[in-house]
Structure formats: C-alpha cells, structure tokens
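The values are calculated or read from the model by the stated rules, or taken from the named source; none is laboratory data. Predicted model, so just to flag it, every value in this text is computed and none were measured. In this analysis, Cβ positions are derived from the backbone assuming ideal geometry, glycine residues included, and neighbour counts consider all displayed protein chains.
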Amino acid sequence: MDAIIIETLIKIVVVVLIFSALGGFGTYFERKILAFLQRRWGPNIVGPFGLLQIIADGIKLFTKEDIIPINAERGIFIFSTLIIAVAAFTAFVAIPIYPQFTVFGYTVRPIVIDVNVGLLFVMGVMAVGMYSPLLAGMSSGNKWSLLGAARAVVALLSFEVITGLSILAPLMLVGSLSLIDINAYQMGGIDNWMVWQQPIAFVLFLIAGFAETNRKPFDLSEQDAEIIGGYHTEYSGMKYGLMMIGEYANMFVVAFLVSIIFLGGYGEAGSIVNGEAVGAWGGIWLILKVAFFFILFVWVRAAWPHIRPDQLMWLAWKVLMPLAVVNIVITGIVMMA
Amino acid sequence: MQSSLLLASASVALIAIGVPLLLHLTKFLGPKPTHSTAKDAPYESGITHLVGDANERFSVKYYLVAIIFVLFDIEVVFMLPWAVNLRELGLFGIMEMFTFVGLLVAGLLYVYRKGALRWS
C-alpha cells in the first residue's frame with residue numbers, strides 16, 4: 001500500500017512537470033509552426049532556434065507586476081485562473097500516456113490511476129474547466145470580459161453535448177469506459193483503428209475538441225477587434241500564464257483522447273508481441289499521433305478564419321447533434337444485425 | 001477499486017494545492033504593486049471615462065441554451081451506462097434506447113420549431 005502511494009505521488013509530480021513543460025513548449029511550437037506557415041522566422045533571437053524563448057517568457061511572466069483591477073471580485077478573480085489549470089492537469093491523471101514498460105525489473109504503468117471509468121473521469125474534469133472562463137469573465141468587472149465569458153460558455157456548453165453523443169458510438173462497440181480497454185480494443189495494427197469503424201464519431205469528436213479548447217475556427221471568446229482578449233483581458237503576470245498553460249494542457253488532453261480512442265493509441269503494428277504492446281515503439285507512435293493533432297490545431301489556426309457565434313450554434317445544434325444521434329442509431333442497428 | 005478512487009481524489013487535491021503554489025512565486029519575484037487610477041481601472045483600450053459597466057444582464061437566449069444543455073447532457077449521461085452494457089442488453093435494450101432517442105429527437109425538433117436555436 002505504501003509503495004502504491006509513493007509511486008502515485010511520483011507519477012503525479014512527473015505528470016504535472018511534463019505537461020506544464022509541454023504547455024510551454026506548446027506555445028513555442030505554435031509560434032514556430034505559424035511562422036513557417038506564414039513565411040516568417042518566428043522566435044529566433046533567444047537561444048538556438050529561439051528555443052530559450054520559453055524560459056524568457058516564463059521569467060517575464062513570473063516577474064510581472066500583479067495587477068488586479070479595482071472593479072474585480074478579488075477572490076473569484078484569482079480562483080478562476082486556478083480552475084482551468086487544475087482541471088487540465090487533473091484530466092491527465094486517468095490518461096495512459098505511455099505503454100507499460102519495465103525499468104530495473106520494476107514494471108511501471110504510466111497512468112497515475114487506472115480508473116475503470118477513465119473516459120468519464122476525463123470528460124467530467126474537462127467540463128469542470130468550463131467554470132474558468134465563466135467566473136473569470138464575470139469577476140473581472142469588464143464589459144468585454146463578460147461578453148467573452150458569455151460566448152465561451154455557450155460554445156463550451158453546446159459542444160459538451162456533441163462530445164458526449166459522439167463518444168457514445170465507440171463506447172457501444174468497446175463496451176468499457178476505461179481508456180486502456182478502449183486502447184486494447186484497437187490492438188493489432190492500423191486496420192483495427194476505431195476511426196475506420198466510426199469515421200463520423202471521429203470527425204464530430206475532433207470538431208468538438210476544437211470547440212472545447214477554444215481553438216481557431218471556434219475561438220469566439222478571444223477576438224481583438226470585438227471584445228479585446230475576451231475573458232482574460234484583465235489578467236496579467238502568472239495568472240495569465242496559468243490560463244495559457246491550462247489552455248495548452250487542454251489541447252494535449254484532447255490530442256491524447258483522440259489518439260487513444262480513434263487512432264489506436266499506443267497499440268501499433270511492429271510493437272505487438274503475442275498480442276500485447278511492448279517496449280518503446282508503441283509509446284513513440286502515441287507521441288507522434290499526439291504531435292500530429294497538436295500540429296493540426298496550429299495548422300487549422302493558420303488556415304481558417306473564425307466563425308460567427310450564430311454560425312457556431314447552428315453548427316452545434318442543427319448539424320452536428322442530429323449527425324451524432326444518427327450515428328448512434330446506425331451503430332446500434334449494425335451491432336444488432 | 002476503493003483505494004484507487006481514494007488515490008484519485010488525493011491526487012486531485014494534491015494538484016489543486018500544487019498548482020497555486022506556482023502562482024504565489026510571482027509575489028516574491030515580481031515588483032511591489034503600485035496603484036494609480038488609470039492602472040486599476042478596467043481595460044478599455046486607454047479610455048478612462050467608462051461607458052456602462054460590467055453588471056449587464058445576459059440575454060435570455062443564453063439561459064435557454066443553458067437549460068437545453070442541461071436536458072441533453074443529462075440524457076447523454078443516462079445513455080453512457082447503456083452504451084457500455086449494450087452487448088448484454090441485446091435487442092431489447094436497443095429498442096428501449098431507440099424509443100428514448102426518438103423522444104430526444106422530438107425534443108430537439110420542438111426546441112427548433114420554437115425558435116430557441118435561432119441566433120440572429
């Protein structure tokens with residue numbers, strides 16, 4: 001029992017460190033990829049290839065003066081920055097971020113806690129993150145923050161339903177909410193990936209993922225020309241930094257979920273021995289898949305303009321939701337036939 | 001199962017305590033905050049004489065969306081255990097859920113006809 005507790009504590013520290021670092025690297029790679037797509041240099045002054053830009057940004061954020069506007073509700077204003085970061089990190093607790101491996105004869109399972117309702121846990125925790133924009137916008141004491149919060153929350157609420165409905169059809173096939181079981185269902189190479197059986201659910205879940213992380217085609221909450229920075233207009237210093245880390249960590253949560261549920265996770269041709277994923281290869285494939293989805297997030301940002309709020313609602317309730325319901329019905333009929 | 005849930009909640013608490021510690025560093029590293037009227041005012045692109053304030057009421061459309069969300073999301077939550085156990089429930093289970101989905105779609109159509117989803 002004690003060993004389990006110590007192991008869990010170490011895993012938690014590692015997960016938090018890895019993903020706050022990934023959040024930082026995420027901002028660097030986003031700028032670099034955007035620069036590449038727009039034929040610019042991007043960050044290239046600080047360190048080789050501008051790699052130390054992350055550290056420079058971190059120092060800047062930490063040494064900034066901490067401004068809380070006079071109209072703001074102090075307590076809620078501070079608290080709401082924590083929610084998004086805490087929710088994003090907590091979501092990683094139930095995500096298998098690497099296949100099982102052995103170090104010095106000790107078997108490590110790189111998932112902090114193997115909850116048998118892992119997917120439900122992750123989705124629930126991500127839904128808690130929704131309070132962050134709402135409370136941030138309402139406590140800032142700024143019209144634009146309020147408008148940004150209203151837009152963000154309505155978009156998040158609508159796409160929460162789409163996420164839930166689109167994930168039902170794969171769950172019907174797998175029959176388990178554990179992310180490890182979902183991964184095991186797709187073992188044995190590229191033919192067994194869920195995306196071939198559930199293409200509609202894949203597309204719906206990906207679109208909902210873009211909306212839930214407030215990414216480009218759906219980033220209504222942050223438009224400089226209309227509502228300044230949206231709900232984080234009034235935030236500065238490390239409070240702003242925490243919100244950014246939370247957003248990037250959320251992107252990684254979505255990337256992990258899509259990779260594990262639809263693209264076979266760490267089960268990959270070449271890494272299967274006697275039906276079990278072994279060694280580093282599966283893990284490297286998982287990292288590549290996650291990297292692909294991260295690049296996709298940035299690519300879409302560079303390629304597409306954002307849409308209007310009414311178009312977003314139209315898309316969510318009148319196109320995606322009926323599609324998701326039809327997908328569930330078709331999946332049910334095919335399973336029974 | 002019990003112990004893993006305990007561990008899960010403990011880890012959640014740990015992360016919830018650990019992340020705010022990051023935030024407190026800025027108090028020691030950053031400059032002492034100074035105050036002035038313009039600095040403490042809400043950000044309005046430099047305009048100091050504010051028009052209106054942030055106590056605006058939301059449009060009722062937002063509340064409608066919130067209510068519709070509650071209904072449909074509870075339905076999704078209700079369907080999750082069904083989806084997981086579908087293979088054991090078999091044909092009977094699927095017919096029951098199709099009835100339920102039919103009601104859901106009828107509800108969506110009603111909301112649509114009422115114009116609650118019209119945003120312009």
**Message:** It is to be established whether one or more residues within the range B:79-86 are in contact (Cβ under 8 Å) with a residue 12 or more places away in the chain and not β-branched (Val, Ile, Thr).
**Reply:** yes
**Prompt:** If a residue has to be surrounded by fewer than 17 Cβ atoms within 10 Å (Cβ to Cβ) and not basic (Lys, Arg) to count, how many in the range B:77-92 make the cut?
**Reply:** 9
**Prompt:** Which condition does B:Leu109 not pass, out of (1) of a type outside the set (Lys, Arg); (2) within 22 Å of A:Val154 (Cβ to Cβ); (3) surrounded by 13 or more Cβ atoms within 10 Å (Cβ to Cβ), if it passes all the others?
**Reply:** (3)
**Fill in**
Among the residues of the range A:141-186, the number that are touching a residue at least 40 places away in the same chain (Cβ under 8 Å) and at positive phi is 1
**Message:** Quick check on this structure: which one of B:Phe69, B:Phe100 is of a type in the set (Phe, Trp, Tyr), without any contact (Cβ under 8 Å) to a residue 60 or more places away in the chain, more than 9 Å from chain A (Cβ to nearest Cβ) and part of a helix (DSSP H, G or I)?
**Reply:** B:Phe100
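In the range A:187-233, what residues are at positive phi and surrounded by fewer than 20 Cβ atoms within 10 Å (Cβ to Cβ)? Spell out the reasoning first.
Looking only at the range A:187-233, we keep the residues that are at positive phi, and these are A:188-189, A:214, A:228, A:230.
A:Gly188, A:Gly189, listed by residue number.
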**Prompt:** If you go through the range A:310-333, how many residues are over 19 Å from B:Thr99 (Cβ atoms) and either touching a Cys at 6+ places or on another chain (Cβ under 6 Å) or surrounded by fewer than 19 Cβ atoms within 10 Å (Cβ to Cβ) (or both)?
**Reply:** 6
**Prompt:** Is it true that some residue in the range A:253-269 is at positive phi and in contact with a Ser or Thr (Cβ under 8 Å, 6 or more places away or on another chain)?
**Reply:** yes
**Failed criterion for A:Arg301 (all others in (1) of a type in the set (Lys, Arg); (2) crowded, with 23+ Cβ neighbours inside 10 Å; (3) at pLDDT 85 or above hold)** = (2)
**Message:** Being within 19 Å of the chain's Cα centre (by Cα) and at pLDDT 85 or above narrows it down to one residue among A:Phe36, A:Phe19, A:Phe29; which is it?
**Reply:** A:Phe29
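Matching residues to (1) modelled with pLDDT of 85 or more; (2) basic (Lys, Arg); (3) buried (at least 20 other Cβ atoms within 10 Å of the Cβ):
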residue	(1), (2), (3)
A:Phe104	no, no, no
A:Arg109	no, yes, no
A:Met130	yes, no, no
A:Ser139	yes, no, yes
A:Asn142	no, no, yes
A:Gly164	yes, no, yes
A:Ala169	yes, no, yes
A:Gly175	yes, no, no
**Residues (of a type in the set (A, V, I, L, M, F, W, C), assigned to a helix (DSSP H, G or I) and within 30 Å of A:Lys143 (Cβ to Cβ)) located in the range A:63-97** = A:Ile76, A:Phe77, A:Ile78, A:Phe79, A:Leu82, A:Ile83, A:Ile84, A:Ala85, A:Val86, A:Ala87, A:Ala88
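Quick one: which helices (runs of 4 or more DSSP H) sit completely within the range A:108-182 and have at least 3 residues that are in contact with a Leu (Cβ under 7 Å, 6 or more places away or on another chain)?
On the way: elements: A:118-128, A:131-139, A:143-174.
Helices (runs of 4 or more DSSP H) meeting the threshold: A:118-128, A:143-174.
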**Message:** So B:Pro33 ticks every box in (1) surrounded by 10 or more Cβ atoms within 10 Å (Cβ to Cβ); (2) of a type outside the set (A, V, I, L, M, F, W, C); (3) at pLDDT 75 or above but one. Which box is left unticked?
**Reply:** (3)
**Message:** Yes or no: the range A:146-164 includes at least one residue that is within 7 Å of another protein chain (Cβ to nearest Cβ) and farther than 26 Å from A:Leu204 by Cβ.
**Reply:** yes
**Asked** What are the residues in the range A:53-77 that are more than 8 Å from every other protein chain (Cβ to nearest Cβ), surrounded by fewer than 18 Cβ atoms within 10 Å (Cβ to Cβ) and farther than 30 Å from A:Pro43 by Cβ, if any?
**Response** A:Glu73, A:Arg74, A:Gly75, A:Ile76
**Message:** Suppose we filter A:Ala72, A:Ala127, A:Ala169 for residues that are in contact with an Asp or Glu (Cβ under 8 Å, 6 or more places away or on another chain), of a type in the set (A, V, I, L, M, F, W, C) and closer than 15 Å to B:Leu80 by Cβ; which single one remains?
**Reply:** A:Ala127
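Of all residues in the range A:151-165, which are among the small types (Gly, Ala, Ser) and within 13 Å of A:Leu120 (Cα to Cα)? Break it down stepwise before answering.
Quick first cut of the range A:151-165, residues among the small types (Gly, Ala, Ser) only: A:152, A:155, A:158, A:164.
Selection gives A:Gly164 alone.
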**Fill in**
Residue set A:Asp191, A:Asp181; condition farther than 30 Å from B:Glu44 by Cβ, out of contact with any Ser or Thr (no Cβ under 7 Å at 6 or more places or on another chain), of a type outside the set (Phe, Trp, Tyr) and within 11 Å of another protein chain (Cβ to nearest Cβ); output residue A:Asp181
